[in-house]
1. Helix 4-13 sits at what angle to the longest principal axis of the chain, using alpha carbons and giving 0 to 90 degrees rounded to 10?
2. Hey, what do the phi angles of region 100-115 turn into as Karplus ³J(HN,Hα) couplings, whole Hz, using 6.51/-1.76/1.60 and θ = phi - 60°, x for Gly and Pro?
3. For the chain, what size does the Cα cloud have along each of its three principal axes, sorted from largest down, in whole Å?
4. If you place +1 on the Cβ of every Lys and Arg, -1 on the Cβ of every Asp and Glu, and leave all else neutral, what size is the dipole of the chain about its Cα centre, to the nearest 20 Debye?
5. Within the chain, which is the longest segment containing none of the GluC sites (Glu not before Pro) that sit in a DSSP loop and have at most 16 other Cβ atoms within 10 Å?
6. Compute the longest continuous run of the chain that contains no exposed trypsin sites (Lys or Arg not before Pro); treat a site as exposed when its DSSP state is not H, G, I, E or B and it has at most 16 other Cβ atoms within 10 Å.
7. Using the basic label-point model (7 angstrom from Cα toward the beta carbon), what is the Arg148 to Ala111 distance in nanometres?
8. Treat every Asp and Glu Cβ in region 45-148 as -1 and every Lys and Arg Cβ as +1, leave all other atoms uncharged, and give the resulting dipole magnitude about the Cα centre to the nearest 20 debye.
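Each value in this text was obtained by applying a stated rule to the coordinates, not by laboratory testing. Predicted model only: the values in this text are computed from it and were never measured. Here the Cβ is made from the backbone with ideal geometry for all residues, glycine too, and neighbour counts use every protein chain on show.
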Amino acid sequence: MWTAQAENRLRGRAGPATVTRMLVRRETPEDAAAVRAVHTAAFADPSEPHRVPVEATLVDELRASDAWLPALSLVCAGAEGEILGHVVCTRARIAGEPVALGLGPLGVAPAAQRRGVGSALMHAVLGAADALDEPIVVLVGHTEYYPRFGFSPAADLGITPPVAEWGAHFQARPLGAYRPALRGPFAYAAPFNL
Ligand SMILES: CC(C)(COP(=O)(O)OP(=O)(O)OC[C@H]1O[C@@H](n2cnc3c(N)ncnc32)[C@H](O)[C@@H]1OP(=O)(O)O)[C@@H](O)C(=O)NCCC(=O)NCCS
């Protein structure tokens, strides 16, 4: 039941304000530099501030590869059209077959983090992948962040990582077209291995 106290408690928990206006849309050619800048800032290593993170160059390499799926590279733009975040899924393989998507990178500009941008991007890209009849999305990521979007350990579905140390960080999200026969070794698009 709604009460003013309950709403205040929720407000108190909410932390920074949510972004008042955001638009999730497909990436356009004009977005490429801003997308690179978002990942450069999101994945920056404070101990090496001048080093360009691999995630920033990875997006450019993926875009130039045959694994790129334009419908699954999404940006989140703020009120002035500024790019706040980006996510992409690219063609990946299970047991050698091009039947899976690899998600990543997902990055949100530091000033816009914890305001719902990452969640909006995740929901949008999973919905788009499902609408395209893709059966499964696989990623390596935070075990406290991705389960809220339906991800669970990929090993539980019989999908094995190329790097055993990924362990529980190697997660999968079955979509409507998923079938249990999708099992075996997983491989990201080639640029992930550069
Ligand atoms: C991780 C990231 C994409 C999340 O995007 P975001 O817009 O900040 O997240 P949202 O606002 O949608 O969600 C916020 C929630 O996610 C949680 N969260 C954010 N980053 C998290 C992390 N690294 N691990 C666990 N939970 C995390 C917050 O605690 C918050 O939870 P709450 O609402 O229960 O308090 C973003 O913080 C980011 O770009 N981080 C740096 C790059 C990175 O780590 N990318 C992901 C690689 S796996």
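1. 60
2. 10, 10, x, 9, x, x, 10, x, 10, 4, x, 5, 9, 6, 6, 10
3. Computed over the chain, the largest-to-smallest principal extents equal 53, 45, 35 Å.
4. In total the dipole reaches around 580 debye.
5. On the way: sites that count: Glu80, Glu82, Glu144.
Result for the longest clean stretch: 1-79.
6. Result, exposed sites excluded: 115-182.
7. If labels sit at Arg148 and Ala111, their model points lie 2.3 nm apart.
8. Magnitude of the dipole: close to 200 debye.
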